[in-house]
Amino acid sequence: MQRKVLSGVVALVVVLSMVGMALAAQPGFIPPPDSWDETYEVVVVGGGFAGLSAAYFAKKAGADVVLIEKMPFVGGNSIINGGIYAAYTSKLQLAEKQGESDSPEQHIADTIAGGDFMGDPALVENLVYGSPIILDLLLDNGLQVRPVVARVGGHSCFRTYTTINQTGADIVAVQKKMVDEAGVPVFLNTKMNYIYREKPMEGRVLGIRVETAQGERNIRATKGVVLTTGGFANNKEMVKVQAPWISDDVGCTNHVGATGEGLILAKQLGANTLHECYVQLYPFADPDTGILDAAAVVPCNGPGFGMVYVNSEGKRYVDEGERRDVNSMAALNSGGFPTFSIFSDEMVDLCSTREDIEKFIKQGRCLVADTLEELVEKINARTYRGQKVNMPVENFIATIRQHNEYIEQGVDPDFGKKIEPNLAKKIEVGPFYAIPQWPSVHHTMGGVKITPRTEVEDIWGNVIPGLFAAGEVTGGVHGTNRLGSNAIPDCAVHGMIAGTMAATGQPPVLKK
């Protein structure tokens, strides 16, 4: 017996020795350069919500900062985001003016439950408690939002603000102005292709190597590198590895740069990751192109106001107030392509604006009719990816009438949708509207593992000195599923924490 134990110990030592040798000879490891082309205290990589926030707060904390962006413009996915922002309160007090109450505890509970209790509660608390801070700061710097807050799928309260043009570009413009006024240089068309660390799998992160039109350059970061490089939803190979259940014909809402290189480079130097297999579909994308245009935000804002989702048979197929993954899977299993958001004229100013709806009608993204019968005719007349539907008008009218009764009764016995008697509207007075929709790859919940201080952890659970991360490149915030309108506060709040941490070594104080 003793001989067997000794033999096992020897074998374990040999294995550990081999692992150590493999790590010491880390493939692709490049020693840091003897001299650097440029030196800053904080280098932020990625110019979306998280990166712009990190750069601004690092600069305001007194650091010498540079922002690196591989695209020819800042914003990335943030520009084409729907401009919806969840906050349990704000200086505008819009929910309170609608007669609704909310609390940070409820926002935290909704977010954790919305991710099947897989999210890190400490990171969720960061998001929630920091959300009003960032929103008020943006408002102080010129951001305009619409005068109504919505209850987006998965949220139990009306807490979702929408920017004036229903696009994340509104927020990016304000953030870029703040970064410029703070004096942060922004290098565009500058792609990071390596992160320097002192030794293979150990030591401090020292800086990055970038590709530019003039060739490669090495940029030193004396205090820290902040990764805000976004997710990998537009990298089909990575999506296929992590979520092979997503079929090839499913589109993508993301911009062309959402390809995950930052995540790959972080792994190369030893960063731990989690939740990469959780890839979210956006249920309401344009069925022809797969993109998230402004029209695709209207269905997201509608459930609390009485909007109905129907399938190609003219029947409801889901609780419209459910979270995105439930809505997406219900659509994919609804028996036909595509599905439709149905609403009445009374809801237009609650879910969107009349100007926008008119624009969507001209674009062909929204159908309008004076009667429900005529609306079905228009739904059946147009094509979707070259296909037509044959929605039975009797089914559709029965569905709408039944849903009107549920609103009157305040109870949805079919799907259990939460009905607000003072805010939900019946679909009974025209004109009536239909927006075609279909799920599209949208958000990657997984990424590098971070502490609540946004420090990146390695595969042994140790903090990698000098490396911070925020936004969609990280995992652990949303768990299995991100609630709509939580993305911007996640990115901007953790960007604030990461920038402040990199500059000072201490996180900002969030009111709790």
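Does at least one position in segment 449-463 carry a residue that is assigned by TED's automatic domain parsing to the domain that holds Ser101 and on the phi > 0 side of the Ramachandran plot?
yes
Which condition number in (1) among the β-branched types (Val, Ile, Thr); (2) in contact with a strand residue (DSSP E or B) (Cβ under 7 Å, 6 or more places away or on another chain); (3) free of Cβ contacts under 8 Å to residues at least 24 places away in the same chain is the one that Ile108 fails?
Result: Ile108 fails condition (2) only.
Output the number of the condition that Val241 fails; it satisfies all remaining conditions of (1) under 25 Å from the mean Cα position of the chain (by Cα); (2) closer than 22 Å to Gly48 by Cα; (3) of a type in the set (A, V, I, L, M).
(2)
Just checking, does segment 247-258 include any residue being among the acidic types (Asp, Glu), free of Cβ contacts under 8 Å to residues at least 24 places away in the same chain and surrounded by fewer than 21 Cβ atoms within 10 Å (Cβ to Cβ)?
yes
Just to confirm my filter: which helices (runs of 4 or more DSSP H) fall fully inside segment 337-441 and include at least 1 residues that are free of Cβ contacts under 8 Å to residues at least 24 places away in the same chain and closer than 18 Å to Gly302 by Cα?
Qualifying helices (runs of 4 or more DSSP H): 354-363, 393-409.
Quick one: which helices (runs of 4 or more DSSP H) lie wholly within segment 24-126 and hold at least 2 residues that are hydrophobic (A, V, I, L, M, F, W, C) and more than 22 Å from Leu138 (Cβ to Cβ)?
Passing ranges, in order: 104-114.
Report yes if Thr273 is crowded, with 23+ Cβ neighbours inside 10 Å, within 18 Å of the chain's Cα centre (by Cα) and of a type in the set (Ser, Thr, Tyr), otherwise no.
No; evaluated as a whole, the condition is false for this residue.
Does segment 254-305 hold any residues that are assigned to a strand (DSSP E or B) and over 23 Å from Met118 (Cβ atoms), and which are they?
Answer for segment 254-305, where residues must be assigned to a strand (DSSP E or B) and over 23 Å from Met118 (Cβ atoms): Phe284, Ala285.
Test Leu137 against the stated conditions and say whether it is surrounded by fewer than 20 Cβ atoms within 10 Å (Cβ to Cβ) and either among the charged types (D, E, K, R) or in a helix (DSSP H, G or I) (or both).
Taking the combined requirement at face value, the residue satisfies it.
Of all residues being in contact with a helix residue (DSSP H, G or I) (Cβ under 6 Å, 6 or more places away or on another chain) and assigned to a loop (DSSP other than H, G, I, E, B) in segment 307-336, which is farthest from Ala95 (Cα to Cα)? Just the residue, please.
Glu313
With the requirement that a residue be under 32 Å from the mean Cα position of the chain (by Cα) and closer than 24 Å to Val149 by Cβ, what does segment 383-409 give you?
Within segment 383-409, His403, Ile407 qualify.
Can you name the residue in segment 148-164 that is part of a loop (DSSP other than H, G, I, E, B) and in contact with a Cys (Cβ under 8 Å, 6 or more places away or on another chain) and, of all such residues, is surrounded by the most Cβ atoms within 10 Å (Cβ to Cβ)?
In this case the residue turns out to be Gly153.
Quick grid of which residues meet (1) under 30 Å from Asn301 (Cβ atoms); (2) touching a residue at least 60 places away in the same chain (Cβ under 8 Å); (3) outside any loop (DSSP other than H, G, I, E, B); (4) not assigned by TED's automatic domain parsing to the domain that holds Gly262:
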residue: Gln166; (1), (2), (3), (4): yes, yes, no, no
residue: Asp170; (1), (2), (3), (4): yes, yes, yes, no
residue: Asn193; (1), (2), (3), (4): no, yes, yes, no
residue: Tyr196; (1), (2), (3), (4): no, yes, yes, no
residue: Arg209; (1), (2), (3), (4): no, yes, yes, no
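For segment 474-512, give me each residue that is in a loop (DSSP other than H, G, I, E, B) and among the charged types (D, E, K, R).
Answer for segment 474-512, where residues must be in a loop (DSSP other than H, G, I, E, B) and among the charged types (D, E, K, R): Arg482, Lys511, Lys512.
Scanning for something modelled with pLDDT under 95, over 27 Å from Gly499 (Cβ atoms), outside the structural domain of Asn311 (by TED's automatic domain parsing) and not charged (D, E, K, R), does segment 215-232 turn up at least one residue?
No, segment 215-232 contains no residue that is modelled with pLDDT under 95, over 27 Å from Gly499 (Cβ atoms), outside the structural domain of Asn311 (by TED's automatic domain parsing) and not charged (D, E, K, R).
Name the single residue, out of those in segment 456-473 being in contact with a helix residue (DSSP H, G or I) (Cβ under 7 Å, 6 or more places away or on another chain) and in a strand (DSSP E or B), that is surrounded by the fewest Cβ atoms within 10 Å (Cβ to Cβ).
This residue is Val456.
The values are calculated or read from the model by the stated rules, or taken from the named source; none is laboratory data. Since we're looking at a predicted model, the values are computed, not measured. Cβ: placed from backbone, ideal geometry, glycine included. Neighbour counts: every protein chain shown.
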